[in-house]
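Okay, structure first, notes after.
The values are calculated or read from the model by the stated rules, or taken from the named source; none is laboratory data. A quick note: this is a predicted structure, and the numbers were derived from the prediction, not measured. Backbone-built Cβ (ideal geometry, glycine too); neighbour counts: all protein chains shown. What goes into the accessible areas is simple: the full protein's heavy atoms, side chains included, and nothing from ligands, DNA or RNA. Shrake-Rupley method; radii C 1.70, N 1.55, O 1.52, S 1.80 Å.
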Amino acid sequence: MRRATISRDTAETQIEVELNLDGTGKYDNRTGIGFFDHMLDQLSRHSLIDLTVRAKGDLHIDDHHTVEDCGIAIGQALTKALGDKTGIRRYGSFHLAMDDALIRAALDLSARPFLVWNVEFPTQKIGSFDTELVREFFQALSTHGGITLHVDRLHGVNSHHIAEAAFKAVARALREAVESDPRMAGVLPSTKGAL
């Protein structure tokens, strides 16, 4: 069973994450940040990873700690659910078009976290949500999920579309990477003997 539950409790946030890598994209995400919940729903639906997030954070300060800590907890849950990574595809990539936005995402579940982020937003806010937090989420996810992740904005003029296309593109790349490879059943996708 490729499932995991993670609890993260700090002075800034209290977060519970449940995920199932072999799900159907069911989601139930409640962070207190409406736009961010919408993005997590997209991540779940388009990766086919069932995801439940409950977060209480210091939103009276701002959204930063909640968004970053959710990325940490989801990354930790992903790592736990993947186990030793035997039999997975490991790599994934996707070009995602959403109206004016075109985003390319490519990733490697390498256990060597690295984020390359070439995404600029034309505005600093999407509603009340700070656009810089999109990168903060993916930095935390990459670091704690052990993911080499490249995200590039190829086109885009609408900040909402750019952010949503980024979440969807990463989701589709992640879907490919975590899937079982029928030609590699029981085999680790590395010549090093460990990931």
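Scan (1) surrounded by fewer than 18 Cβ atoms within 10 Å (Cβ to Cβ); (2) touching a strand residue (DSSP E or B) at 6+ places or on another chain (Cβ under 8 Å) for the single condition K192 breaks and write down its number.
Checking K192 against (1) surrounded by fewer than 18 Cβ atoms within 10 Å (Cβ to Cβ); (2) touching a strand residue (DSSP E or B) at 6+ places or on another chain (Cβ under 8 Å), the one that fails is (2).
Looking at region 82-106, I want the residues that are farther than 23 Å from G23 by Cβ and assigned to a loop (DSSP other than H, G, I, E, B) and have a partner that is open to solvent by 20 Å² or more (accessible area, probe 1.4 Å) and not acidic (D, E) with Cβ atoms under 7 Å, at least 6 apart or on another chain. Which pairs are those?
Close Cβ pairs satisfying both conditions: D99/N158; D99/H161; D100/H155; D100/V157; D100/N158; D100/H161.
Could you give every pair whose Cβ atoms fall below 6 Å, whose first residue belongs to region 1-29 and is at positive phi, and whose second residue is among the small types (G, A, S) and open to solvent by less than 50 Å² (accessible area, probe 1.4 Å), counting only separations of at least 6 or pairs across chains?
G25/S44
Give the residue, chosen from V170, V187, V157, that is in contact (Cβ under 8 Å) with a residue 12 or more places away in the chain, of a type outside the set (D, E, K, R) and open to solvent by less than 60 Å² (accessible area, probe 1.4 Å). Walk me through how you get there before you give the answer.
Numbers: V187 fails: open to solvent by less than 60 Å² (accessible area, probe 1.4 Å); V157 fails: open to solvent by less than 60 Å² (accessible area, probe 1.4 Å).
Answer to the selection: V170.
For region 30-46, name all the residues that are of a type in the set (S, T, Y) and either touching a Gly at 6+ places or on another chain (Cβ under 6 Å) or touching a residue at least 40 places away in the same chain (Cβ under 8 Å) (or both). Don't jump to the end; show me each part of the working.
Quick first cut of region 30-46, residues of a type in the set (S, T, Y) only: 31, 44.
Within region 30-46, just S44 meets the criteria.
Here are some residues: A4, A73. Which one is within 21 Å of I147 (Cβ to Cβ) and assigned to a helix (DSSP H, G or I)?
Details: A4 fails: assigned to a helix (DSSP H, G or I).
Result of the check over A4, A73: A73.
Report yes if F138 is among the aromatic types (F, W, Y), open to solvent by less than 70 Å² (accessible area, probe 1.4 Å) and either modelled with pLDDT under 95 or part of a strand (DSSP E or B) (or both), otherwise no.
Details: among the aromatic types (F, W, Y): yes; open to solvent by less than 70 Å² (accessible area, probe 1.4 Å): yes; either modelled with pLDDT under 95 or part of a strand (DSSP E or B) (or both): no.
Against the criterion (among the aromatic types (F, W, Y), open to solvent by less than 70 Å² (accessible area, probe 1.4 Å) and either modelled with pLDDT under 95 or part of a strand (DSSP E or B) (or both)), F138 does not qualify.
Scan region 19-40 for residues that are crowded, with 16+ Cβ neighbours inside 10 Å and either of a type in the set (D, E) or part of a strand (DSSP E or B) (or both) and jot them down.
Step one: list which residues in region 19-40 are crowded, with 16+ Cβ neighbours inside 10 Å, which gives 19-21, 23, 25, 27, 29, 31, 33, 35-40.
The answer is L19, N20, Y27, N29, D37.
Report yes if some residue within region 59-67 is surrounded by 19 or more Cβ atoms within 10 Å (Cβ to Cβ), in contact (Cβ under 8 Å) with a residue 40 or more places away in the chain, within 18 Å of Q139 (Cα to Cα) and of a type in the set (D, E, K, R); otherwise report no.
yes
Out of (1) in contact with a strand residue (DSSP E or B) (Cβ under 8 Å, 6 or more places away or on another chain); (2) within 14 Å of I162 (Cβ to Cβ); (3) surrounded by 18 or more Cβ atoms within 10 Å (Cβ to Cβ), the odd one out for D100 is which?
With (1) in contact with a strand residue (DSSP E or B) (Cβ under 8 Å, 6 or more places away or on another chain); (2) within 14 Å of I162 (Cβ to Cβ); (3) surrounded by 18 or more Cβ atoms within 10 Å (Cβ to Cβ) applied to D100, the lone miss is (3).
Within region 107-135, how many residues are of a type in the set (F, W, Y), outside any loop (DSSP other than H, G, I, E, B) and open to solvent by less than 70 Å² (accessible area, probe 1.4 Å)?
Filtering region 107-135 down to residues of a type in the set (F, W, Y) leaves 114, 117, 121, 129.
Of the ones still in play, those that are also outside any loop (DSSP other than H, G, I, E, B) are 114, 117, 129.
Now narrow it down to the ones that are open to solvent by less than 70 Å² (accessible area, probe 1.4 Å): 117, 129.
So the answer is 2.
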